[in-house]
């Protein structure tokens, strides 16, 4: 039989997903493959689409600001500065445990993966619970229908919270799946959710930065 | 890094740098122009901003063009039909050599026309 | 098909009252001449491509050896014509039109115009104010002095409309919260037709207006007349008509300067009789049409904001007599 | 574990049995096969095309002569808005990316299915539900009537009090989800699931066109979604994004809409370029001239297209120093198109052109596209655009481009791939007749619009006075409209008759260059018995590779019959990375599509709590969707 080479490798040398039954197999297969998994590109597409949506909101904020001499307009409360910036920084640190989790999963250390994700989840839930309370509290004083500044303020902040919620739900689902062991599918899922969290953390910094720029800049 | 790896990076720089810097020059240039002429107004003169943007974008595009030419010359023994990675690099180098010039023309038109026209007169 | 292009477009030049290729103002003339130059270039380019397609049909059977015969020739044609010639042509077109001609058609320099007219778009009629005067206001018919640069301030009270007099100058939108300006300069005395050009609702189609370019003396007389309040009605019938107007629904929507009627929904009727047309140039300003309009305006402009006014015969005659007196 | 030595015949039978979908209606409902989804898209988009066409013909009848009253202003406003929205969002985008893209891309790159098969089915079901959602609005008298671009403040609650514009914004957001998912799927499929060895310089130009369209959609649709969210909130919650009195900006809507709008219209024609670059090599038996330039030109058209948006806003009084940026970008966006036009023409001139129906449609496409494109070049001149903006000159320009440059290649593509999809040859004579009917009809329909536009006739007017000199041209256009409709009926009729009584076509009637001609007609569920060897951008013209495929099948190499397996490669160079397991037919896509439809229905009815419940149902169905992993199925 002739020696068939495709894209620089033989069919036998190439890892096959359904051979990955336990963490050790999975980490061996993961080390064999080249480039990034299909799931990485999948989440990259979602991040590209969501980033365009969020940066349209941020662009709208600056566009409306360029149209009004006094920003925030007279009569609108100044945005909170210190607490949101600190919390955004805290949320950004959760990228570290998530990245370590995907590395651990790639190395087949399932227990370490689960612990790291749980750690990240706790901080994330802490962040979102305070923010939701703050968001609801702000809605007592002014409403989005007061003027354009309030409209874009609540839409931008609400959209960012929405993405944090989606990230949290993804983490919860990931923990449920990892609870039943590690397969290539769950490894890819961990990598994908990690990249999604890197995006959300960076996005939150940008959003809080934009909203606080009203007083800082 | 192997020679092929370096060539590959140069080729990707040739492809993405020109496109990226045009998008930046376009976004910032027209944004500053509108902001400068709107209610908030004020700020530095439009001509200064446009000249700086045009020069920076021009330099980056010429660098991208140079990168493409280097890759093109380095892969001269192959054709764009050859197997990867040399064939792929040659093809993208050939393509970007011509299209980077289009970006160069756009940023020149942007800068020059924005300076020649009277600032803050509505079209 | 190719011969069709210049032929039909020649026909076009003797076309409608809103013909961009029959310009009567300096800006419209520049744009029209630029169009003919561009058309020439396009017909030439179309001829080149049509030639290549015909050549492909003529050679349809024969081909050189291998899968890429004549590749070199192909590259040369693409790089020379596809990139080279096109870039040069487009750069020239860009600088000629977006720098040179643009200087003529953009917002006029402050102080370069002799008269200012404010064109205010309403849902579905045009109001023309003359800010310099003790407030001359008319609807759908603007008068300007001939051979004088007039500044048009385009504004709106509701949605986006577009002020466009094709034979004089390019169009400009009326954007809420924004004051857009263009210059109108008529070379010859005459009547020029314009139309709202931005979809603005149900009666967008019937939002036309006239621009009368009058000799300066005639214009000054017209303007002085328009600035005065309404003439008081003479004759018994006209006085009864005024009563009908003031007590009925009319005064709630219309303004007649010098009378208690101050409604702003409909146009200003102070000098209604001096206008040649009504209802966005859909009907001439004669008694019969005016009566028909008052009784059933929805028939002529369906969906417009004027309800059908139900008056009996004598009331209508009295009202028409009064309105007829508002010269 | 070495694969057990099985004779080739048994391997193919295991493949067939493995990839077999469920029979009957349930099979179509739960299918994830890209070919079945392509056909579903094809038939649904044809129905929307008929709806859009009927709207167009009704408008043409109303405009046939002055002061006509076939339809009143209210109905006419709904007709031209629905015509615009239907044709762009529910015919051309789903027909090119949905039908042609779904059916052909896995075949062209030597893959067994799309990267995310179930998401592919989901984008079809969301497309169908959003179409029904819009047309239910239209049928219940709430059809959008603010023009396809829906400028504020006309579409604000103050001036459009009915639910019409809520249907508009929500239908666009809803359809945006389907197109975004579809484009993400295409990009990942073309990047990761190519046959090993197919690097970027060996990818067919059809794929470059669809990459360009998909990246355009991916980055343009979110901007439209943000815009529609603002308008929906302005109308329902009372926010002030577009209200200048409260700090909002009217031009914000136009800026955001056209940042989406212009890439969108390039996204309409780029897939058609891809269809043309597939038909021309086959019909001229010649590789495309200057392949690298054409490949990057297709990507560049859409990329520069993101920088030209304000040439739709030249009359809104933006500062000149800002507007020239868009004039410059509009000037240079022409170059990629001219590169491609000259490449097609030179390929046809230097190749052995056989003017069968597909190539006739492509020649007609080139002529119409150049005609429309040249008038587009006229819009580089800002003053000229300010003179003819929103007149019938602009309508003629973009219909020459949309009908000429998008719909002609769609018809050409229907004829070209008819043998592959149905296994039968179409009737050549009626095909050519249908081409000439459509060609003459569209020119009679659209050319007078140039003239009547220069005569000052604005667009979107439901009637016009008799003394304007426009009547003769409008009558000619109406006749042209009906002639075009007749031509389309002849075309569709010819394809139906050929489907019923056509001669068997065999796998490769055109001696085509790309891999879809290396499979049987119609291709089996698993596309390729053996993952093909690829050493050039025209794999079907490399006989030694095809012989190697036969040997591979005999030796049982790269048959991958142990499940729904699919090779994965690295993005740029196609190095063989791994073999993954693909999910198979599943009921979740239609379920999620229905749940999303109900969410949007209750959003338009302003019942937010019920919409929230169905939103939660959507999340639950997503959890159910991922419950069973592909290798466990």
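The values are calculated or read from the model by the stated rules, or taken from the named source; none is laboratory data. All figures in this text were calculated on a predicted structure; none of them were measured in a lab. All Cβ positions, even for glycine, are placed from backbone atoms using ideal geometry, and neighbour counts span all protein chains on display.
Annotations for the structure displayed:
- Put simply, of C:284, C:307 the only residue that is out of contact with any strand residue (DSSP E or B) (no Cβ under 8 Å at 6 or more places or on another chain) and either in the same structural domain as residue C:209 (by TED's automatic domain parsing) or surrounded by fewer than 19 Cβ atoms within 10 Å (Cβ to Cβ) (or both) is C:307.
- Helices (runs of 4 or more DSSP H) within the range D:330-407 that include 3 or more residues over 21 Å from residue C:41 (Cβ atoms) and in contact with a helix residue (DSSP H, G or I) (Cβ under 8 Å, 6 or more places away or on another chain): D:334-350, D:357-378, D:392-399
- Of the numbered criteria (1) closer than 20 Å to residue D:170 by Cα; (2) touching a helix residue (DSSP H, G or I) at 6+ places or on another chain (Cβ under 6 Å); (3) assigned to a helix (DSSP H, G or I), the one residue D:239 fails is (3).
- Enumeration of residues in the range D:428-465 that are crowded, with 19+ Cβ neighbours inside 10 Å and within 24 Å of residue D:512 (Cα to Cα): D:431, D:434, D:435
- Every pair of residues 6+ apart whose Cβ atoms lie under 9 Å, when the first sits in the range B:1-13 and is farther than 22 Å from residue B:100 by Cα while the second is in a helix (DSSP H, G or I): B:1/B:9; B:3/B:74; B:4/B:86; B:4/B:89
- Yes/no for residue C:112 being closer than 26 Å to residue C:209 by Cα and exposed (fewer than 14 other Cβ atoms within 10 Å of the Cβ): yes
- Residue ranges of helices (runs of 4 or more DSSP H) in the range C:216-327 with at least 2 members under 15 Å from residue C:138 (Cα atoms) and in contact with a helix residue (DSSP H, G or I) (Cβ under 8 Å, 6 or more places away or on another chain): C:216-227
- Any hit, the range A:31-50, residues being outside any helix (DSSP H, G or I) and more than 7 Å from chain D (Cβ to nearest Cβ): yes
- Condition met for residue D:321 (more than 9 Å from chain C (Cβ to nearest Cβ), without any contact (Cβ under 8 Å) to a residue 40 or more places away in the chain and either surrounded by 24 or more Cβ atoms within 10 Å (Cβ to Cβ) or under 22 Å from the mean Cα position of the chain (by Cα) (or both)): yes
- Positions within the range C:151-170 being crowded, with 24+ Cβ neighbours inside 10 Å, touching a strand residue (DSSP E or B) at 6+ places or on another chain (Cβ under 6 Å) and under 21 Å from residue C:188 (Cβ atoms), in sequence order: C:152, C:163, C:164, C:165, C:167, C:168, C:169
- Restricting attention to the range D:181-236, the residues being within 25 Å of residue D:564 (Cβ to Cβ) and in a loop (DSSP other than H, G, I, E, B) number 8.
- Taking residues in the range D:599-623 that are assigned to a loop (DSSP other than H, G, I, E, B), and partners anywhere that are surrounded by 14 or more Cβ atoms within 10 Å (Cβ to Cβ), the pairs with Cβ atoms closer than 7 Å and at least 6 places apart or on different chains are D:606/D:236.
- In summary, strands (runs of 3 or more DSSP E) completely within the range C:128-192 and bearing 2 or more residues that are away from every other protein chain (no Cβ under 13 Å) and in contact (Cβ under 8 Å) with a residue 24 or more places away in the chain occur at C:136-139, C:141-145.
- Residue A:3 vs. criteria under 30 Å from residue D:550 (Cβ atoms) and either more than 9 Å from chain D (Cβ to nearest Cβ) or under 15 Å from the mean Cα position of the chain (by Cα) (or both): yes
- Of all residue pairs spaced 6 or more apart or on separate chains, those with beta-carbon atoms under 6 Å, a first member in the range C:214-235 that is touching a residue at least 12 places away in the same chain (Cβ under 8 Å) and a second member that is assigned to a helix (DSSP H, G or I) are C:233/C:239; C:233/C:242; C:233/C:322.
- On the stretch given as the range D:221-242, residues that are more than 8 Å from every other protein chain (Cβ to nearest Cβ) and farther than 15 Å from residue D:150 by Cα total 1.
- Residue check for residue C:281: in contact (Cβ under 8 Å) with a residue 40 or more places away in the chain and closer than 28 Å to residue D:72 by Cα: yes
- All helices (runs of 4 or more DSSP H) inside the range B:1-120 with 2 or more residues being surrounded by fewer than 21 Cβ atoms within 10 Å (Cβ to Cβ) and away from every other protein chain (no Cβ under 11 Å): B:3-36, B:46-74
- Restricting the range D:445-467 to residues that are within 28 Å of the chain's Cα centre (by Cα) and assigned to a helix (DSSP H, G or I), the residue that is nearest to residue D:477 (Cα to Cα): D:445
- Residue ID - nearest to residue A:199 (Cα to Cα), chosen from residues in the range A:6-30 that are facing chain D (nearest Cβ under 7 Å) and assigned to a loop (DSSP other than H, G, I, E, B): A:15
- Whichever residue in the range C:108-118 is in contact with a strand residue (DSSP E or B) (Cβ under 6 Å, 6 or more places away or on another chain) and more than 13 Å from every other protein chain (Cβ to nearest Cβ) and, among such residues, is farthest from residue C:26 (Cα to Cα): C:118
- The residues of the range D:548-581 that are at the interface with chain A (Cβ under 7 Å from one of its Cβ atoms), closer than 13 Å to residue A:4 by Cβ and touching a helix residue (DSSP H, G or I) at 6+ places or on another chain (Cβ under 7 Å) amount to a single one, D:558.
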